[in-house]
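Let me begin by presenting the structure, written as structure tokens, before commenting on it.
The numbers here are math on the coordinates, done by the rules we state, and not lab data. A quick note: this is a predicted structure, and the numbers were derived from the prediction, not measured. Glycine gets a Cβ as well: all are built from the backbone with ideal geometry, and neighbour counts include every protein chain shown.
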Amino acid sequence: MTAHCPALFISAPASGAGKTSITAAIARSHARAGRRVRVFKTGPDFLDPTLLERASGAPVYQLDLYMGGFDHCQALLARAAREADLILVEGVMGLFDGDPSSADLAAAFGLPLVCVIDASAMAQTFAAVATGLARFRPGLRHCGVIANRIGSAAHGRMLGEGLPDELPLIAALPFDPALGLPERHLGLVQAAEQPRLDEQLDAWADAWEAGLRPGFAFKPIAFDAAPEPPLVRALAGRRIAIARDAAFGFIYPANLDLLRALGAELRFFSPLHHQPLPDCDAAWLPGGYPELHADTLVAHPTLKAELRAHLAAGRPLLAECGGMLALLDTLETQHGRIHPMAGLLPGHARVQPRLAALGLQALDWPEGPLRGHSFHYSTLQTPLAAITTATNPNGGATAEALYQQGSLRASYVHHYFPSNPDAVAAFFKG
């Protein structure tokens, strides 16, 4: 079945040009006008999607040709096309950076493409950068360019006048430091932690509408639905407890969808609010920021004992990145303070001021191969031997270990469950 929906892919020559704010501005502008907007983020990312979800009013899914594969991405886009009035896809890094790159994704699905260029220190060179991006790789559907952080209306007009007719200036937005977003290690501060975010999103939408040039229109394109293999409801009747709050917020919506499609009943709880571990057959502690909330986590009156009993009963527990750190003996923050953690996984982690690991990962679970990614600032010392070590498809240095202790499985890898539904079902089934 083919569905048609207007769509736009938003990229840039480099990180920091304003892709996320522009994508959020467009999403908010259309959502507050009553349109159904679906936003996707290219590649692995947990932070930008929280902002884009607030802007659009709908969950933000990842499109990654490595982690999910072409058919999975095609199915996500086709479903969105059936539900939405507008599809937006935010790229990652620069347009041609990485493997697979934003350009690879845009080409795979024929998505109309615009580049956001930081024009704050440019004049005529703006047109050279824009045309270079448009001509570097034939076959991409460039439909214009967006000038971000212009100095004045006259500056914006000059930038537009230098562009060729086939690459028009779609919008020009002024520089405004008040529209910036707070950041920390790993990226943007999560949406739930920004009390004035809705006000800021409306200001972005206002800036987009004021800077939009006459004549631009989103182009409907065709999205073909790939045949999806039927899933066996292997987790029917199984209850999976999932930690979800500011300390454990790194959760792909597609992972939750898959667990539900496999028949699992999902029971969410907040360790930060000292909620008890729900009655469950399996549990998942996803990544997040336990180092920012260590005092509160340590003060939880029951969770340590509940998790210990869970493991003593042989029930599966998956701990990813921050979830793994919360189970260690100790965790040292960037400022040198050492916190006693749950003590269910032997070892010590230290958060450092520089990036420790980054990259896509392929990991052979005992139940089968999974894909995912790694991105963290901490280092781990543990006496446990890895049961396997990930490989990096791009040949990078990051190759994370997978640890197993009884029914506990832990790794720095953020797994993308749809990469192997059978393996995920087998683990959580126990």
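Quick one: check the C-alpha center-to-center distance for the stretch 379-402 versus the stretch 218-253, whole angstrom.
26
Report D for the stretch 271-379 in µm² per second (integer): Stokes-Einstein, Kirkwood Rh on Cα pairs, 4 °C, 1.567 mPa s. Please list the in-between numbers first.
Details: Rh = 14.8 Å.
Rounded to a whole number, D works out at 87 µm²/s.
Write down the radius of gyration of the stretch 2-224 and its Dmax, each obtained from C-alpha positions, in Å.
According to the Cα coordinates of the stretch 2-224, Rg and Dmax are 16.2, 46 Å.
Quick one: of the DSSP bridges fully inside the chain, what percent are antiparallel, nearest 5? Don't skip to the answer; put the middle values down first.
Details: 36 of 82 bridges.
Given both bridge residues lie in the chain, the antiparallel proportion sits at roughly 45 percent.
Counting only GluC sites (Glu not before Pro) that are in a DSSP loop and have at most 16 other C-beta atoms within 10 Å, tell me the longest site-free stretch of the chain.
Numbers: sites that count: Glu166, Glu367.
Here the longest run is 167-366.
Want the number for Val298 to Asp422: 0.36 nm per residue separation, take away the alpha-carbon distance, what's left? Working shown, then result.
Numbers: separation 124, 0.36 × 124 = 44.64 nm, distance 3.48 nm.
41.2 nm is the gain from fully extending Val298 to Asp422.
Going by Cα centres, the stretch 416-430 and the stretch 50-65 are how many Å apart?
23
Expressed in nm to one decimal, what extension gain is obtained for the pair Ser15 and Glu367 from 0.36 nm per residue of sequence separation less their Cα-Cα distance? Intermediate values should be presented prior to the final figure.
On the way: separation 352, 0.36 × 352 = 126.72 nm, distance 3.69 nm.
In short, 123.0 nm is gained.
Each residue of the stretch 354-366 in turn: what ³J(HN,Hα) in whole Hz from Karplus with 6.51, -1.76, 1.60 and θ = phi - 60°, glycine and Pro shown as x?
So the J values, rounded to whole Hz, are 10, 4, 9, 7, 7, x, 5, 9, 10, 10, 8, 5, x.
Take the alpha-carbon centre of the stretch 257-271, take the same for the stretch 78-103, and report the distance between them in whole Å.
26
Starting from the Kirkwood Rh over alpha-carbon pairs, what translational D in µm² s⁻¹ does the stretch 5-94 have by Stokes-Einstein at 4 °C and 1.567 mPa s? Intermediate results must be reported in sequence, preceding the final value.
Numbers: Rh = 12.9 Å.
The Stokes-Einstein estimate is 100 µm²/s.
Show which lysines lie in cross-link reach of Lys19 when reach means a straight Cα distance below 25 angstrom and same-chain residues fewer than eight apart are skipped.
Those lysines meeting the cut-off are Lys41, Lys219.
If a paramagnetic tag sat 7 Å from the Cα of Arg137 along the Cα-Cβ line, which residues of the stretch 1-44 would have the backbone N under 15 Å from that point?
In the stretch 1-44, the label zone of Arg137 (backbone N under 15 Å from the point 7 Å along Cα→Cβ) covers 9-15, 42-43.
What's the angle, to the nearest 10 degrees (0 to 90), between helix 19-31's Cα axis and the longest principal axis of the chain?
Helix 19-31 sits roughly 80 degrees off the main axis of the chain.
Once the convex hull of the alpha carbons of the stretch 224-335 is built, what does its volume come to per residue, in cubic angstrom? List each step's numbers first, then the result.
Working: hull volume 13.0 nm³, N = 112.
Cα convex hull per residue, to the nearest whole number: 117 Å³.
Tell me which of Phe218, Cys143, Gly162 sits at the most positive position along the dipole axis of the chain, charges placed on C-beta atoms (Lys, Arg +1; Asp, Glu -1).
Phe218
Cα-based Rg of the stretch 239-429 per 2.2 N^0.38 Å, rounded to two decimals? Before the final figure, lay out the partial values.
Details: Rg = 15.4 Å, N = 191, 2.2 N^0.38 = 16.2 Å.
Against the empirical 2.2 N^0.38 Å value, I get 0.95 for the stretch 239-429.
Volume per residue, Å³, of the convex hull around the alpha-carbon atoms of the chain?
On the way: hull volume 60.9 nm³, N = 430.
Residue-normalised Cα hull volume stands at 142 Å³.
Which residue fluctuates most in the GNM of the chain (Cα springs below 10 Å): Pro220, Pro100, Pro230?
Pro230
Under a 5 Å amide H to amide H cut-off, with H placed in plane at 1.01 Å, what residues pair with Thr388 once short-range neighbours are removed?
Leu402
Calculate, for Leu384 and Glu265, the FRET efficiency according to 1/(1 + (r/R0)^6) with r their C-beta to C-beta distance and R0 35 Å; round to the nearest 0.05. Before the final figure, lay out each step's value.
Details: r = 31 Å, r/R0 = 0.89.
Working from the Cβ atoms, E equals 0.65.
With θ set to phi - 60°, apply the Karplus curve 6.51 cos²θ - 1.76 cosθ + 1.60 along the stretch 157-163 and write out the HN-Hα couplings as whole Hz, x wherever there is a Gly or Pro.
Listing the rounded values in order: 4, 4, 4, x, 5, x, 8 Hz.
How big is the charge dipole of the chain about its Cα centre, in debye rounded to the nearest 20, if each Lys and Arg gets +1 on its Cβ and each Asp and Glu gets -1 on its Cβ?
Details: 34 positive and 40 negative charges, 69 e Å.
Dipole about the Cα centre, nearest 20: 340 debye.
From Cα pairs below 8 angstrom and at least 6 apart in sequence, can you work out the relative contact order of the stretch 239-310, rounded to a whole percent?
Working: 109 pairs, mean separation 30.4, N = 72.
Relative contact order here is 42 percent.
Can you compute the charge dipole magnitude of the stretch 2-224 about its Cα centre, using +1 on each Lys and Arg Cβ and -1 on each Asp and Glu Cβ, nothing else charged? Give it in debye, rounded to the nearest 20.
Working: 19 positive and 24 negative charges, 77 e Å.
Computed charge dipole of the stretch 2-224: roughly 360 debye.
What's the extension gain from Asp85 to Glu161 if we count 0.36 nm per residue and subtract their Cα-Cα distance? List each step's numbers first, then the result.
Working: separation 76, 0.36 × 76 = 27.36 nm, distance 3.16 nm.
The Asp85-Glu161 span can extend by a further 24.2 nm.
Over all directions, the average projected area of the alpha-carbon convex hull for the stretch 85-131 comes to how many nm²?
Details: hull surface 17.4 nm².
Mean projected area of the Cα convex hull: 4.3 nm².
Please report Arg54, Arg35 as a ranked list, fewest other C-beta atoms within 10 angstrom at the top and most at the bottom.
Numbers: Arg54 20, Arg35 14.
Going from least to most buried by this count: Arg35, Arg54.
Please give the residues of the stretch 2-25, grouped as numeric ranges, whose backbone N is less than 18 Å from a label point set 7 Å along the Cα-to-Cβ vector of Asp257.
Only 2-8 fall inside the zone, counting backbone N under 18 Å.
Which of the lysines could a cross-linker bridge to Lys304, judged by Cα under 30 Å and excluding same-chain residues fewer than eight apart?
In chain and number order, the partners are Lys429.
Below 8 Å between Cα atoms, with a sequence gap of 6+, how large is the relative contact order for the chain in percent? Intermediate results must be reported in sequence, preceding the final value.
Numbers: 970 pairs, mean separation 60.5, N = 430.
With pairs under 8 Å counted, the relative contact order is 14 percent.
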